[in-house]
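All of the numbers you see were taken from the coordinates with simple rules; none came from a lab. Everything quoted here is computed from the prediction, not taken from an experiment. Quick reminder, even Gly has a Cβ in these numbers, built from the backbone with ideal geometry, and neighbours come from all protein chains shown.
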Amino acid sequence: MKNLNLAVELEEKIRKQVPRWSIPVLMLRLAAQNKKMRNKFLKLVDVLPALPNKGIKIYFLKWLVEKKLAPYFIVKNLANLENINYPVSVDFLGELVVSEKEAQNFLWQYLRFIQNPGGESGEKNIAIKFSSLFPFFGPENYEESKKQIKNRFSRILRTAQESKAFITVDAEHYQLRNLIEEIFCETILEPEFENYGNVGIALQAYLRDSFDSAEKLLEAAKKRPNSFLVRLVKGAYWDQETASALQKNWPVPVFQNKKETDENFDKLVCFFMKNREYIRLAPATHNPDNIAFARNFNKELEFQVLYGLGEPIRKVLYQEKIPVRVYTPVGDLINGMSYFARRILENTANEGFLFKLISKRRR
Amino acid sequence: MAKIIEIPEFQNEPLLDFSKPETREKIQKHLKSVRDVVLGIEIPLLISGIPVFTERKTRRENPSDIKETVGYICLAGQKEADLALKVLISDNQVKEWMKLSFEKRSSYLKKAAQLLRQKRYFFIALMAIETGKSFVESDAEICEAIDFLEYYSNSTLFLAKLNQETLISLPGEKNESFYIPIGKRAIGVSIQPWNFPLAISIGPLAAGLITGHAMIYKPAEQSSVIGYYLAKIFYNAGIPKEIFHFLPGYGEETGDYLVNHPAIKVIAFTGSKEVKRKIQNAVWKFNLRIIDSLPMEERYEKRIAVLESGGKGAIIVDSTADLDEAVVGVCDSAFSFQGQKCSACARIIIVGKTYEKFIQRLKERMESLPIGSPEDPKNQIGPLINKDAYDKVLSYMPLVEQEGKILAYGIVPQELKDKGYFVPPILVGDLSPDSRIAQEEIFGPLLAVFKANTFEEAIALVNHTEYGLTNGVFSRNPENIEKAKRELQAGNIYINRKITGAIVGRQPFGGMKMSGNSAKAGGWDYLLNFFDRKNICENTIRRGTPIE
């Protein structure tokens, strides 16, 4: 009962926070009208940065997307981060890493950020993607991928330990999941890192076999003298995973409707709460039902929302004194295109709490 | 009232999941067992399923490790070919096979598919060792081979139905149409290459068999061990042994003899432009002169059912391209299997100001590609198939200096230089569109890059080749994409993805111009190339009454 009341209360307050007349919200609402509009919008946004500045129409659209829409989702550079005064987890946007040189550049970007003492108060908190550390990262190249990433992840952790920076390993495409988890578990169990608590990994609740991951992570956690963090997310690659599986004639790895994902999310929360002496949980969700459910177990849980889109939720959680951190992508629009496109997809699909927030319909 | 015919459902064979440890372990296990059991022995001919050894043999080496012998391949000469032909000309099974229903013949193909599924890991291991192909590529090829077997089974039944149902039928007149194999005794030969030793061999064989022909299979000498086990699969699927013969040997010798032989009515060939011309010449000569000396009943003209003779694929990258996708797509298309694919990308045309950035990123990726044996999955570039290929690619190096400029190249590790036929990936620029490097099919990891000022100019550059197999475009400009779809002269065009890896039933594969006769492998109508057709009209009116 208490649960339901909190959920309803949160939703009411969040709704009040949504900026009714902001340009991004209006644009998203336009795109959300039907599948055709949404595809048109996506295509336009995708190609816009590459179009030459010919004609007033293109110029205006570019200005609209780059100057008004993108900043709603992405922080342009590290300097702008300093204007933010709430806890963040920084995600470095970038091009796909296609060469050794680009992998090295990414590694140095992570290391530099961790080592740099400047700016914000509090510990540095970054989300890293293993695929950005090696150009041929993948299960077809299993052993070499493991070797290279363990080496580079270790360097990052070593540097992080010196300044107590928090490193979370992002979840990526399903095909990479086993590889990412294996590398993570083996590295954080090494004597050099087994006591370091400021390390974590993301787990996607939209995967049908997400409990396999949960069990694997728990097994590793039990062997470790200090706990690590699991950032529980719903999952960001739904359309891609479905299409990819169908093309390969493999079983589709994700739940087919949002309700199943939301329920699985709660089940996983229960699982991690049962095992809280080994793993710390950080639920990342915008849905007040999921937030209320988790909050009920433990008042100390730190939630997580996305930058921009999650701002109404962040404000409300802050007011309610519920700990919350903001996943903040940093980079220019061109590098952030796929991130951007996925957010548009998620928020213009017919399901999802944020879509409900944006659309005119009331609950 | 309109008739409705059902199009049979088809699902492609799923690839292996390399993220599962069992997959990787099984491959390692089979590499070992193939070495222990299969390597180093003599590979016989199979005539009516019976092994026949010849004195003349050729040694097949592992291209990643020349000292290792994969097998000693017996070579079929005229004498051995005659043994097979004698069976084909006289044995009753050849005629019986022609009379079987499509359903019955397709059951053998499906059985072969099942056997191939069971031998998946075996072939992955063998292909790595005999042809230097990576596990991922080999797996994709095995799926393609299984697909051919299943898909052509479905297609034949569908075609037969379509053929009959499209006839207009009226009372008193019974119209029938039958697809039949070619010849009084339907006999075909399939001469196939080493670069897709399983799939490109199985496709035409499956097509020839299911359409009712007895088939002789002449594999490339660089992949005859694989060919042998492939032949065994057909025999083990239960086809009558007399209708299928495995004759490895040199193309100039065995292939040539068979192509010219009067008993052979159907030819399926994939290979170089030069050999294609020899075959076309032989067929023409036969049909124009030699055929007149045959008995009347046997004057079926020789037919080249399927012909695939190379490509010089090009990819356009314009200023709206997603560079991440374009760099990786071009790299995959140009260097997977060391560029030894007819569908490979041999030329890139970059439009506008993206040139600098694209070349920079491509260069860096090329320099990052590890080179070595495919048995270690970390290697992205394996060896070339044999000494001839190695010499051929190297012979272009002086030309590179003359005609253009090297923009990027990988480095072959010192310890591999004499161990196998390894050459690094090379990017060449500043070429004239008419230079030899821009025009000739090199069949190696040599990539030429051109600049264009406009998209139209790029299209013209792409089409400025005698080949017409695969082309591609990386662009997000809908107008450019439409233009490309309409104007590119190629049988298989790809937008915003790599230009290799055509999948059965999804991208029927075959080219125009000098690349072939447009027979589409993996297309529903491929089998039509292997058929003659009988149309029969029967008057069913007796005493003024139609009797149906």
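Once you've got the GNM for chain A with C-alpha springs shorter than 10 Å, pick whichever of A:Arg152, A:Arg343, A:Arg276 has the biggest mean-square fluctuation. Result: A:Arg276 has the largest fluctuation of those listed.
For region B:342-350, putting each phi into the Karplus relation 6.51 cos²θ - 1.76 cosθ + 1.60 with θ = phi - 60° gives couplings of 5, 8, 4, 8, 10, 9, 10, 10, 10 Hz, in residue order, rounded to whole numbers and with x for Gly and Pro. Relative to the dominant Cα principal axis of chain B, helix B:21-37 is inclined by about 70°. For B:Lys353, a cut-off of 14 angstrom between C-alpha atoms picks up these aspartates and glutamates, skipping any fewer than 8 places away in its own chain: B:Asp318, B:Asp322. Looking at this model, which pairs from A:Lys40/B:Lys485; A:Lys76/A:Lys356; A:Lys129/B:Lys451 are more than 23 angstrom apart at the alpha-carbon? The answer is A:Lys76/A:Lys356; A:Lys129/B:Lys451.
For the segment A:137-150, counting C-beta atoms of other chains within 10 Å of every residue's C-beta and taking the mean gives 4. Under a 5 Å amide H cut-off, with hydrogens placed 1.01 Å from N, A:Ala127 pairs with A:Val90, A:Asp91, A:Phe92, A:Thr168 among residues at least 5 apart or on other chains.
Among the listed pairs A:Lys267/B:Lys26; B:Lys363/B:Lys405; A:Lys101/B:Lys357; A:Lys62/B:Lys357, a Cα-Cα separation exceeding 25 Å is found for A:Lys267/B:Lys26. Kirkwood-type hydrodynamic radius, region A:184-315: 15.7 Å, calculated from all non-identical alpha-carbon pairs. Decide, for region B:143-210, between rounded, prolate and oblate: order the square roots of the alpha carbon gyration tensor eigenvalues as a ≥ b ≥ c, take rounded if a/c falls under 1.5, and otherwise choose prolate if a/b is larger than b/c, else oblate. Verdict is oblate for region B:143-210. Using a cut-off of 20 Å between alpha-carbon atoms, which lysines can reach B:Lys29, once sequence neighbours fewer than 8 places away in the same chain are excluded? Answer for B:Lys29, where 20 Å is the Cα cut-off: B:Lys20, B:Lys119, B:Lys133, B:Lys378, listed by chain and number. The calculated 222 nm mean residue ellipticity attributable to helices in the protein assembly as shown amounts to -13500 deg cm²/dmol, summing -39500 (n - 2.57) over DSSP H runs of n ≥ 4 and dividing by all residues. With respect to chain B, whose longest principal axis is taken over its alpha-carbon atoms, helix B:78-90 is tilted by about 40°. For the options A:Tyr318, A:Tyr339, A:Tyr59, a Gaussian network treatment of chain A with springs between C-alpha atoms closer than 10 Å singles out A:Tyr59 as fluctuating the most. When a/c is below 1.5 the answer is rounded, else prolate if a/b is larger than b/c, else oblate, so apply that to chain A with a ≥ b ≥ c taken from the square roots of the Cα gyration tensor eigenvalues. Rounded is the answer for chain A, as its axis ratio a/c remains below 1.5. Listed by chain and number, the lysines placed with their C-alpha closer than 19 angstrom to that of A:Lys222 are A:Lys274; residues fewer than eight positions away on the same chain are left out. Put the Cα centre of region A:250-308 next to the Cα centre of region B:299-344 and the gap is 46 Å. Computed from Cα atoms, the angle from the helix B:135-165 axis to the main principal axis of chain B rounds to 30 degrees. Shown here for region B:276-307: chymotrypsin sites (Phe, Trp or Tyr not before Pro) in loop regions (DSSP other than H, G, I, E, B) with at most 15 other Cβ atoms within 10 Å, of which there are none.
Restricting the trypsin sites (Lys or Arg not before Pro) of region B:269-318 to loop positions (DSSP other than H, G, I, E, B) with no more than 11 neighbouring Cβ atoms within 10 Å leaves B:Arg289.
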